[in-house]
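Each remark here refers to the structure printed beneath this line.
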Amino acid sequence: MINGYKPRTNLVHAGTRRSQYGEMSEAIFLTQGFVYENAEAAEARFIESGPDDFIYARYGNPTVAMFEDRIASLEGAEAAFATASGMAAVNAALFCQLKSGDHVVAAKALFGSCLYIIETLLPQFGVEVTFVDGIDLDQWRAAVRADTTLCFLEAMSNPTLEVIDIAAVAEIVHAVDAQLIVDNVFVTPVFQRSLKLGADVVVYSATKHIDGQGRCLGGVVLGTEEFIHGALGNYMKHTGGALSPFNAWVMVKSLETLDLRCRAQADSALAIAKALEGHPKLANVIFPGLKSHPQYALASRQMEQGGTVIALDLAGGKEAAFKFINGLDIVLISNNLADAKSIITHPATTTHQRLTDEQRESLGISDGLVRLSIGLEDPDDLLNDIMTALR
Ligand SMILES: *Cc1c(COP(=O)(O)O)cnc(C)c1O
């Protein structure tokens, strides 16, 4: 909340930089560079630049700044830095503050590219990594050490929707003076404020709910003013992962409807999950808003709603899963999620194909598991489509 306004108000107004023309809708400042009145002004800007003094689009841009300020107001963060994709955000949040000899602890259930950075890239630079089962607090306690500098987790895991207790993990991480980075993509900034729960840094793929309409890649890192405009800002400026002004404009307009879209999609997801529970063709329906979810109490405490993704385990394994997927009419087959259009994914053969059988088993990714991302269609039509395909 900034200026005492509530999130929906800030999502429409926060960060607006209106030009001398008084435009209603935010402008796209599609410019790489900026000109100065005179040589003295150029010199002064390189010595010190305020939030509206721009130098070069790799460092910042007015449209990008509108997006950064607006999302920061929603998250309750002091500052934000927008990135070219969610992975540019994750990469920067880690690499900008790690050095050879550091120790990192991460929850093992990670988005494929996050896993690649942490499991493969970090050790190449002399960073030691320990993986834990994110929902097991004893494993976090056993893994952190005096030389642990960073801990990383996805607040809700993909695709099995396990919910990690952010406040409890933050306490363990802070006890050894390490920092906690939370990738909050699956939960969304609408339903959970991770900084308030104790996280030091939050990252998003804006490609998901924030765009929410399948158009642009984008990402953002949120945290303290000191971190965002210090270590993180310097890393971003000089390594080139900045968000393009055009994509920032799409994202800033998307933020206006983010709250409404997430709530509508989450309401539909809950109704559909409830209707599917106990269906004879399904071995399991996983959704954090269902009382049957193993972390239902934690999810209800930590998240305002259960999210927009449901995991279904088809009793008949891969054959049944493929038959179900192919039988859907409205729901589209894709590996993306959090779109206005509902999407179905078979993780074992697509997003998580690279993993070994043992890794998939330890993450609960069975051959019958499908990930269903609920969109903005009428929930009755979606449920009919799903029921028909199950039949
Ligand atoms: C999609 C996703 C990312 C990466 O985002 P991109 O915008 O595709 O680079 C990172 N983490 C999670 C949890 C995601 O779902």
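From the list 137, 150, 98, 121, the lone residue that is away from the ligand (no atom under 12 Å from the Cβ) and touching a Ser or Thr at 6+ places or on another chain (Cβ under 7 Å) is 98. If you go through region 101-118 and keep only what is more than 16 Å from the ligand (Cβ to nearest atom) and not acidic (Asp, Glu), you end up with 101, 103, 104, 105. Of the set (1) farther than 24 Å from residue 211 by Cβ; (2) surrounded by 16 or more Cβ atoms within 10 Å (Cβ to Cβ), all apply to residue 87 but (1). Within the set 169, 201, the sole residue that is open to solvent by less than 10 Å² (accessible area, probe 1.4 Å), within 16 Å of the ligand (Cβ to nearest atom) and either more than 18 Å from the chain's Cα centre (by Cα) or not assigned by TED's automatic domain parsing to the domain that holds residue 370 (or both) turns out to be 201. Every condition in (1) away from the ligand (no atom under 16 Å from the Cβ); (2) open to solvent by 20 Å² or more (accessible area, probe 1.4 Å); (3) in contact (Cβ under 8 Å) with a residue 24 or more places away in the chain holds for residue 354 except the one numbered (1).
Evaluate the following for residue 86: is it within 12 Å of the ligand (Cβ to nearest atom) and either under 29 Å from residue 57 (Cα atoms) or out of contact with any strand residue (DSSP E or B) (no Cβ under 8 Å at 6 or more places or on another chain) (or both)? Against the criterion (within 12 Å of the ligand (Cβ to nearest atom) and either under 29 Å from residue 57 (Cα atoms) or out of contact with any strand residue (DSSP E or B) (no Cβ under 8 Å at 6 or more places or on another chain) (or both)), residue 86 qualifies. Remark: pairs (first residue in region 209-222, farther than 18 Å from residue 77 by Cα; second residue among the acidic types (Asp, Glu); Cβ separation under 6 Å; 6+ apart in sequence or on different chains) = 214/339. Just checking, does region 11-19 include any residue being open to solvent by 60 Å² or more (accessible area, probe 1.4 Å) and among the hydroxyl-bearing types (Ser, Thr, Tyr)? Looking through region 11-19, none of the residues is open to solvent by 60 Å² or more (accessible area, probe 1.4 Å) and among the hydroxyl-bearing types (Ser, Thr, Tyr). Can you confirm whether region 44-60 contains a residue that is surrounded by fewer than 19 Cβ atoms within 10 Å (Cβ to Cβ) and within 16 Å of the ligand (Cβ to nearest atom)? Checked against the condition, which is being surrounded by fewer than 19 Cβ atoms within 10 Å (Cβ to Cβ) and within 16 Å of the ligand (Cβ to nearest atom), region 44-60 yields no hits at all.
Table: residues versus (1) buried (at least 17 other Cβ atoms within 10 Å of the Cβ); (2) in contact with a helix residue (DSSP H, G or I) (Cβ under 6 Å, 6 or more places away or on another chain).
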site: 256; (1), (2): no, yes
site: 290; (1), (2): yes, yes
site: 310; (1), (2): yes, yes
site: 320; (1), (2): yes, no
site: 323; (1), (2): no, no
site: 336; (1), (2): no, no
site: 361; (1), (2): no, no
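Restricting attention to region 211-225 and to residues that are within 15 Å of the ligand (Cβ to nearest atom) and either in a helix (DSSP H, G or I) or in contact with a Gly (Cβ under 7 Å, 6 or more places away or on another chain) (or both), the residue that is farthest from residue 155 (Cα to Cα) turns out to be 211. Going by the conditions given, is residue 228 away from the ligand (no atom under 16 Å from the Cβ) and open to solvent by less than 10 Å² (accessible area, probe 1.4 Å)? Taking the combined requirement at face value, the residue satisfies it. Scanning region 179-203 for residues that are free of Cβ contacts under 8 Å to residues at least 60 places away in the same chain and over 24 Å from residue 260 (Cα atoms) yields 180, 198, 199, 200.
Counting only helices (runs of 4 or more DSSP H) that sit wholly inside region 1-79, not one has at least 2 residues that are of a type in the set (Lys, Arg) and in the same structural domain as residue 237 (by TED's automatic domain parsing).
The values are calculated or read from the model by the stated rules, or taken from the named source; none is laboratory data. Model, not experiment: these values are computed from the prediction. Neighbour counts are summed over all protein chains in view; Cβ atoms, including those assigned to glycine, are modelled from backbone coordinates with ideal geometry. We work out accessible area using only protein heavy atoms, side chains counted, and drop any ligands, DNA or RNA first. Shrake-Rupley method; radii C 1.70, N 1.55, O 1.52, S 1.80 Å.
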